[in-house]
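Here the structure comes first, spelled out in structure tokens, and everything after it is commentary.
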Amino acid sequence: SALLQMSNKAVEVTGTKDGWYAVKTDNGTGYIHPDYITFANTFTESLSAISNSNTDKLLSFAAKYLGTPYVYGGSSPSGFDCSGFTSYVYRNALGVSIPRTSREQSRTFTKISSISNLQPGDLVFFGSGSVGHVGIYVGNGEFIHSPHTGSVVKYDSLYGHYSNRFMWGGRVL
């Protein structure tokens with residue numbers, strides 16, 4: 001592992017680990033101690049969420065299931081439907097019990113009506129008229145979910161195909 005010296009270089013902070021900032025640079029990714037980084041425009045809300053170790057635990061646990069097939073009614077690593085995935089991840093990553101269906105989940109937590117106010121770890125709900133789908137927001141406009149029959153657990157963007165079906169977020173943590 002090489003030490004890299006940087007000065008007055010813009011980097012993208014992608015998370016925290018053991019009190020260090022994870023950053024993306026032109027040369028790849030690395031870690032910077034907080035003493036050596038200043039924020040030009042601070043998004044304290046999302047930074048405090050990123051540094052939340054429960055959020056880190058939740059999102060890294062969710063990522064273990066990337067590629068798991070969608071199974072209607074599924075709520076185990078052999079196959080998940082959308083809410084089976086979200087309830088399994090919260091329960092097994094953090095011991096947090098949330099309702100089983102996307103509709104029940106959408107009624108349970110503080111509503112976040114704007115995509116710009118979402119924090120990593122929030123549930124994101126989709127539908128037309130009523131909630132029919134749910135995923136977990138990971139940050140930077142992306143969420144992880146188990147989309148539909150024939151698909152697998154994967155990351156998707158809130159700004160693509162899903163933007164016109166986004167209903168609201170739910171703050172669990």
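Taking the criterion of being over 14 Å from residue 102 (Cα atoms), touching a Ser or Thr at 6+ places or on another chain (Cβ under 8 Å), assigned to a loop (DSSP other than H, G, I, E, B) and of a type outside the set (A, V, I, L, M), the only residue of the stretch 141-173 that qualifies is 141. Within the stretch 116-140, if we keep just the residues that are at pLDDT below 95 and not in a strand (DSSP E or B), the residue that is nearest to the chain's Cα centre (by Cα) turns out to be 140.
Can you work out which of the residues in the stretch 55-100 that are of a type in the set (Val, Ile, Thr) and buried (at least 18 other Cβ atoms within 10 Å of the Cβ) is nearest to residue 119 (Cα to Cα)?
Narrowing the stretch 55-100 to residues of a type in the set (Val, Ile, Thr): 55, 68, 71, 86, 89, 96, 98.
Filter again for buried (at least 18 other Cβ atoms within 10 Å of the Cβ), leaving 55, 68, 86, 89, 98.
On the way: 55: 9, 68: 24, 86: 16, 89: 17, 98: 18 Å.
Once the filter is applied, the top-ranked residue is 55.
Does residue 160 count as open to solvent by less than 50 Å² (accessible area, probe 1.4 Å), out of contact with any strand residue (DSSP E or B) (no Cβ under 8 Å at 6 or more places or on another chain) and at pLDDT below 95?
Values: open to solvent by less than 50 Å² (accessible area, probe 1.4 Å): yes; out of contact with any strand residue (DSSP E or B) (no Cβ under 8 Å at 6 or more places or on another chain): yes; at pLDDT below 95: yes.
Taking the combined requirement at face value, the residue satisfies it.
Of the residues making up the stretch 108-123, one or more are on the phi > 0 side of the Ramachandran plot and either in contact (Cβ under 8 Å) with a residue 12 or more places away in the chain or touching a strand residue (DSSP E or B) at 6+ places or on another chain (Cβ under 7 Å) (or both).
The values are calculated or read from the model by the stated rules, or taken from the named source; none is laboratory data. Only a predicted model underlies this, so the values are computations on that prediction, with no experimental measurement involved. Don't worry about glycine lacking a Cβ; one is built from the backbone with ideal geometry, like all the others, and counts go over all protein chains shown. Just so you know, the surface numbers come from the protein's heavy atoms only, side chains and all, with ligands and any DNA or RNA stripped out. Shrake-Rupley method; radii C 1.70, N 1.55, O 1.52, S 1.80 Å.
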